[in-house]
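I have placed the structure first, in the form of structure tokens, so that the comments after it can refer back to it.
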Amino acid sequence: MMWKKVEEAIAAIEKRRHHHSGLELFKKAMSELHDPQDQLQSIHVGGTNGKGSTVNYLRSILQRAGYKVGTFTSPYLISHHDRIRINDLSISDEKLLFYINETEPLWTKYELSMFEIDMLIASLYFRDEKVDVAIFEVGMGGRLDATNVLRKPLVSVITNIGMDHMMYLGDTYEKIAYEKAGIVKDEVDCISASDREDCLNVFELETKRHHSHLIRIASIEHVYVDDYLHFEYQKQSYKLNTKALYQRFNATLAIETIHYLNEKKKFDISDDIIKDGLFYTNWAGRFEMMRAEPLIIIDGAHNLDGIQALVSSLQNYDNIHFVFSCLKDKEGEKMIKKLMCISHDIVLCDFENERSDEAQRLAQPFSLKVIKDYREAIDDGMKKDGVLVICGSLYFISLARSYLSKKLNNK
């Protein structure tokens, strides 16, 4: 079938969200296209939280240094195109439609999922556009993830390990770490921001098995927040254009990765460019301040560790109100308990996603207020003084951000 409208083509892709025939079959599909991923210099980024932010910090630094950078991330926040970018510009309607029509015969032949199709298209697009480096973010896990068709990245990067997707990845940190460490390749070193010894032990075993090395980030010092987030790393001072404390770990992981690639003579990027690249990075949906007065923050925290990181970043704020919704395969009740450490003003809502948890069910143990329509919940929160924080799911904040943008821009 040949699509003429990109909207119809994207709808066809998104209907295949739950198709999955396994990594080996996907490798055959990539092989039929002559393995475009093997023709790229790539960086592979996995972990539980902070993958997208780390990708974006790396992209910003490399782009500022004059390199042409492709990024593959998920889920999207604004449109499906956002997953596939070059120098932070989303793939165009025309290009996306072209690659969809080019690859459609493979979808049924190999029972490709939405994520696999996107990975396939990104690899072709980056190859054809001759990017200097392509950064691929793992979708879920690592070992069986579609991005693991990358056979020889420049380096593997693992942000941290948290209890997420336990139904698929395992119910202990060690089991999840094993799945995440599945992106480690023979003689390809791995850099990690994890500080859990049980996870690091798994990483050590996997890197030794692959004749590579595990590199850990060093300690981060002199952290403070004013209008920006400041910290010191390896005797260098850095400033981020955010107040989210958790971003220091993602930024530091990006710094360590660039230093490593400099040492390997893959790039030549100065400390000043690293600092500028970090400072001028913006990542929508991550402690994003949508309005200053009264303050509205949306954040992609979508699991227990992510919520804890968000709560830590909110410690200096008063009179906080939450609008919360999450997916049913998450630890929703535990996430709510974390939020209640700093505020009991939590409104639960529903949003349009087949995986979303039911607000009424989540609210019952805590006697919290429920406003089923997320738009009405946001409107209710905007009437209050103080700080409105919207969180719980990347899918939810995508809808919330779109609604807020239209509402705020119409005023």
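Which members of region 328-357 meet the condition of being among the hydrophobic types (A, V, I, L, M, F, W, C) and either more than 24 Å from the chain's Cα centre (by Cα) or not in a helix (DSSP H, G or I) (or both)?
As a first pass, look at region 328-357 and keep what is among the hydrophobic types (A, V, I, L, M, F, W, C): 335-336, 339-342, 346-349, 351.
Scanning region 328-357 gives M340, C341, I342, I346, V347, L348, C349, F351.
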Subject >> C199, sole failed condition from (1) open to solvent by 30 Å² or more (accessible area, probe 1.4 Å); (2) within 23 Å of the chain's Cα centre (by Cα) >> reply: (1)
Subject >> Residue check for I298: within 28 Å of E187 (Cβ to Cβ) and under 22 Å from the mean Cα position of the chain (by Cα) >> reply: no
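If only one of V131, V149 is closer than 23 Å to V55 by Cα, surrounded by fewer than 22 Cβ atoms within 10 Å (Cβ to Cβ) and out of contact with any helix residue (DSSP H, G or I) (no Cβ under 7 Å at 6 or more places or on another chain), which one is it? I'd like the intermediate steps shown before the answer.
Numbers: V149 fails: out of contact with any helix residue (DSSP H, G or I) (no Cβ under 7 Å at 6 or more places or on another chain).
Testing whether each residue is closer than 23 Å to V55 by Cα, surrounded by fewer than 22 Cβ atoms within 10 Å (Cβ to Cβ) and out of contact with any helix residue (DSSP H, G or I) (no Cβ under 7 Å at 6 or more places or on another chain) leaves just V131.
Check every one of the strands (runs of 3 or more DSSP E) wholly within region 235-327 and list those with 3 or more residues that are open to solvent by 50 Å² or more (accessible area, probe 1.4 Å). Spell out the reasoning first.
Details: elements: 236-240, 288-291, 296-298, 320-324.
Ranges flagged: 236-240.
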Original post:
Under the condition of being open to solvent by 10 Å² or more (accessible area, probe 1.4 Å) and in a helix (DSSP H, G or I), which residue from region 84-98 is nearest to S31 (Cα to Cα)?
Top reply: F98
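Evaluate the following for L112: is it crowded, with 21+ Cβ neighbours inside 10 Å and either charged (D, E, K, R) or not in a loop (DSSP other than H, G, I, E, B) (or both)?
On the way: crowded, with 21+ Cβ neighbours inside 10 Å: yes; either charged (D, E, K, R) or not in a loop (DSSP other than H, G, I, E, B) (or both): no.
It is false that L112 is crowded, with 21+ Cβ neighbours inside 10 Å and either charged (D, E, K, R) or not in a loop (DSSP other than H, G, I, E, B) (or both).
Taking the condition of being farther than 30 Å from A193 by Cα and surrounded by fewer than 19 Cβ atoms within 10 Å (Cβ to Cβ), how many residues in region 21-60 meet it?
Initially, region 21-60 is screened for residues farther than 30 Å from A193 by Cα, giving 21, 25, 28-35.
When the remaining residues are screened for being surrounded by fewer than 19 Cβ atoms within 10 Å (Cβ to Cβ), the result is 21, 25, 28, 31-35.
Of the residues in region 21-60, 8 are farther than 30 Å from A193 by Cα and surrounded by fewer than 19 Cβ atoms within 10 Å (Cβ to Cβ).
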**OP:** Determine, yes or no, whether I215 is outside any helix (DSSP H, G or I) and under 28 Å from E187 (Cβ atoms).
**Re:** yes
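Which ones in region 218-234 are closer than 27 Å to G285 by Cβ and part of a strand (DSSP E or B)?
Start the filter on region 218-234 by keeping residues that are closer than 27 Å to G285 by Cβ, which leaves 220, 223-231, 233.
I220, V223, Y224, V225, L229, H230, F231, Y233, listed by residue number.
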Original post:
Consider Y178 against the criteria (1) in a loop (DSSP other than H, G, I, E, B); (2) closer than 26 Å to A301 by Cα; (3) open to solvent by 20 Å² or more (accessible area, probe 1.4 Å): it satisfies all of them except one. Which criterion is unmet?
Top reply: (1)
Original post:
Residues of region 134-146 being surrounded by fewer than 24 Cβ atoms within 10 Å (Cβ to Cβ) and out of contact with any helix residue (DSSP H, G or I) (no Cβ under 6 Å at 6 or more places or on another chain), which ones?
Top reply: M140
**OP:** Could you please give the count of residues in region 150-196 that are free of Cβ contacts under 8 Å to residues at least 24 places away in the same chain and either within 17 Å of the chain's Cα centre (by Cα) or on the phi > 0 side of the Ramachandran plot (or both)?
**Re:** 1
Subject >> Residues of region 77-111 satisfying the condition of being in contact with a Leu (Cβ under 9 Å, 6 or more places away or on another chain) and within 24 Å of V138 (Cβ to Cβ) >> reply: L77, H80, H81, I84, S90, Y99, T103, L106, Y110, E111
**OP:** Residues being touching a residue at least 40 places away in the same chain (Cβ under 8 Å) and more than 16 Å from S356 (Cβ to Cβ): count how many of those fall in region 381-400.
**Re:** 8
Original post:
Could you list, in sequence order, the residues of region 358-411 that are open to solvent by 80 Å² or more (accessible area, probe 1.4 Å), in a strand (DSSP E or B) and within 25 Å of S313 (Cβ to Cβ)?
Top reply: K369
Original post:
Which residues, taken from region 184-212, are farther than 21 Å from I258 by Cα and part of a loop (DSSP other than H, G, I, E, B)?
Top reply: R196, H210, H211
**OP:** Would you check if there is a residue in region 50-59 being touching a residue at least 24 places away in the same chain (Cβ under 8 Å), part of a helix (DSSP H, G or I), farther than 30 Å from L240 by Cα and small (G, A, S)?
**Re:** no
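The values are calculated or read from the model by the stated rules, or taken from the named source; none is laboratory data. Everything numeric in this text was worked out from a predicted model, so none of it was measured. Glycine also receives a Cβ, built like all others from the backbone with ideal geometry; neighbour counts cover every protein chain displayed. Calculation scope for accessible area: heavy atoms of the full protein, side chains included, ligands and nucleic acids excluded. Shrake-Rupley method; radii C 1.70, N 1.55, O 1.52, S 1.80 Å.
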